[in-house]
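Undergrad: First the structure, which I've put down as structure tokens, then a few questions once you've had a look.
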Amino acid sequence: MELRSLLLLLLAGVSRVLSVTVKMDSEVFGVIGGQAKLPCSFKSDFAISEKVTVDWKYKPQNGGPLEMILHYQGEAYPTTTGIFKGRILWKGSIPWKDASIAVEGLTLQDNGTFYCTVKNPPDVFSNLPHTVFTVTEKSIFFQLSETTLLSILVFAPSTVVVVLLLVRMGRKNGVLGTRRKSVKKSSIEVSKETGMDRKPGCLMRMCLGCANCIDDSDDEQHVPER
């Protein structure tokens, strides 16, 4: 009993040390008739060798057994049967630790879960990530829920009004105020130039002479008699 427990612990320790870490996107979306890439990358504690193997499997959305759709060992061997016949493309590069594939000619029957497993002997253990694949009639970016559409209809006009008010206030307080100040300043400068800098004309000199005469006559009238 003790020997069996020791062997189990030893195997568990080996599986943790000698293991390949595989990473996949949790979700991938595609459009009917198009092509979608299913990313898969891996990391190993040992140098990548020619013994690396990659297996891609698929499970339908409605349930059913796992189906092998691609096997890689030195080169890619896509499935020649089933719904993915002739539609699986190898997009990976083992030296770059990339085991991605692509599916072309997408249909709604392709919806399901994809699994990618990698072995790099002596790393023969790996985690079991998966990608949920969803094919739609239109791009997912153009599919708006009722809540999202309602939010856009409610907040978009308000945003436009706020922007217009801010622009109007900015023009009123900034640009127009500057223009008014410049106009006032210009009028003052013009009045100074016309009233002070220019020499008085003939009519102006006559008026000034009359004013001086009046002032002199007034001074003479107010001189006290002796």
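The values are calculated or read from the model by the stated rules, or taken from the named source; none is laboratory data. What you are looking at is a predicted structure, and each value in this text was computed from that prediction instead of being measured. Here Cβ is always computed from backbone atoms with ideal geometry, including for glycine, and neighbour counts include all displayed protein chains. Just so you know, the surface numbers come from the protein's heavy atoms only, side chains and all, with ligands and any DNA or RNA stripped out. Shrake-Rupley method; radii C 1.70, N 1.55, O 1.52, S 1.80 Å.
Undergrad: Confirm whether Asp110 is at pLDDT below 95, over 27 Å from the mean Cα position of the chain (by Cα) and either open to solvent by less than 20 Å² (accessible area, probe 1.4 Å) or among the aromatic types (Phe, Trp, Tyr) (or both). I'd like the intermediate steps shown before the answer.
TA: On the way: at pLDDT below 95: no; over 27 Å from the mean Cα position of the chain (by Cα): yes; either open to solvent by less than 20 Å² (accessible area, probe 1.4 Å) or among the aromatic types (Phe, Trp, Tyr) (or both): yes.
Spelling it out, it is not the case that Asp110 is at pLDDT below 95, over 27 Å from the mean Cα position of the chain (by Cα) and either open to solvent by less than 20 Å² (accessible area, probe 1.4 Å) or among the aromatic types (Phe, Trp, Tyr) (or both).
Undergrad: Looking at the range 65-92, which of its residues are open to solvent by less than 40 Å² (accessible area, probe 1.4 Å) and within 31 Å of the chain's Cα centre (by Cα)? Give the steps one after another, and end with the answer.
TA: Step one: list which residues in the range 65-92 are open to solvent by less than 40 Å² (accessible area, probe 1.4 Å), which gives 69-70, 72, 76, 79, 84, 87-88, 92.
Correct list: Ile88, Gly92.
Undergrad: Also, quick follow-up: Check the range 140-163 and report whether any residue there is at pLDDT 60 or above and not in a helix (DSSP H, G or I).
TA: Initial filter on the range 140-163 (at pLDDT 60 or above): 151-163.
Still in the running and not in a helix (DSSP H, G or I): none.
No - not one qualifying residue is present in the range 140-163.
Undergrad: Sort out which residues of the range 128-138 are surrounded by 13 or more Cβ atoms within 10 Å (Cβ to Cβ) and farther than 13 Å from Asp110 by Cα, and write them in order of number.
TA: The first filter runs over the range 128-138 and keeps only residues surrounded by 13 or more Cβ atoms within 10 Å (Cβ to Cβ), leaving 129-136.
Of everything in the range 128-138, those that are surrounded by 13 or more Cβ atoms within 10 Å (Cβ to Cβ) and farther than 13 Å from Asp110 by Cα turn out to be Pro129, His130.
Undergrad: Among what's in the range 113-127 and is of a type in the set (S, T, N, Q) and farther than 16 Å from Asn62 by Cα, pick the residue that is surrounded by the fewest Cβ atoms within 10 Å (Cβ to Cβ).
TA: Step one: list which residues in the range 113-127 are of a type in the set (S, T, N, Q), which gives 113, 117, 120, 126-127.
Right, trim to farther than 16 Å from Asn62 by Cα and you get 117, 120, 126-127.
Numbers: Thr117: 18, Asn120: 24, Ser126: 19, Asn127: 13.
Going through the qualifying residues, I end up with Asn127.
Undergrad: Taking the residues in the range 3-45 that are over 30 Å from Thr107 (Cα atoms) and either part of a strand (DSSP E or B) or among the polar types (S, T, N, Q) (or both) as candidates, determine which candidate is modelled with the lowest pLDDT.
TA: First pass over the range 3-45, keeping only residues over 30 Å from Thr107 (Cα atoms): 3-21, 43-45.
Pick out the ones that are also either part of a strand (DSSP E or B) or among the polar types (S, T, N, Q) (or both) and you get 5, 15, 19-21, 43-44.
Values: Ser5: 45, Ser15: 41, Ser19: 85, Val20: 94, Thr21: 95, Lys43: 95, Ser44: 93.
The extreme case among them is Ser15.
Undergrad: What's the number of the condition Lys57 fails, among (1) open to solvent by 60 Å² or more (accessible area, probe 1.4 Å); (2) outside any strand (DSSP E or B)?
TA: The failed condition is (2).
Undergrad: Given the structure, is Glu27 open to solvent by 50 Å² or more (accessible area, probe 1.4 Å) and within 13 Å of Phe133 (Cα to Cα)?
TA: Values: open to solvent by 50 Å² or more (accessible area, probe 1.4 Å): yes; within 13 Å of Phe133 (Cα to Cα): yes.
Judged against the criteria, Glu27 is a match.
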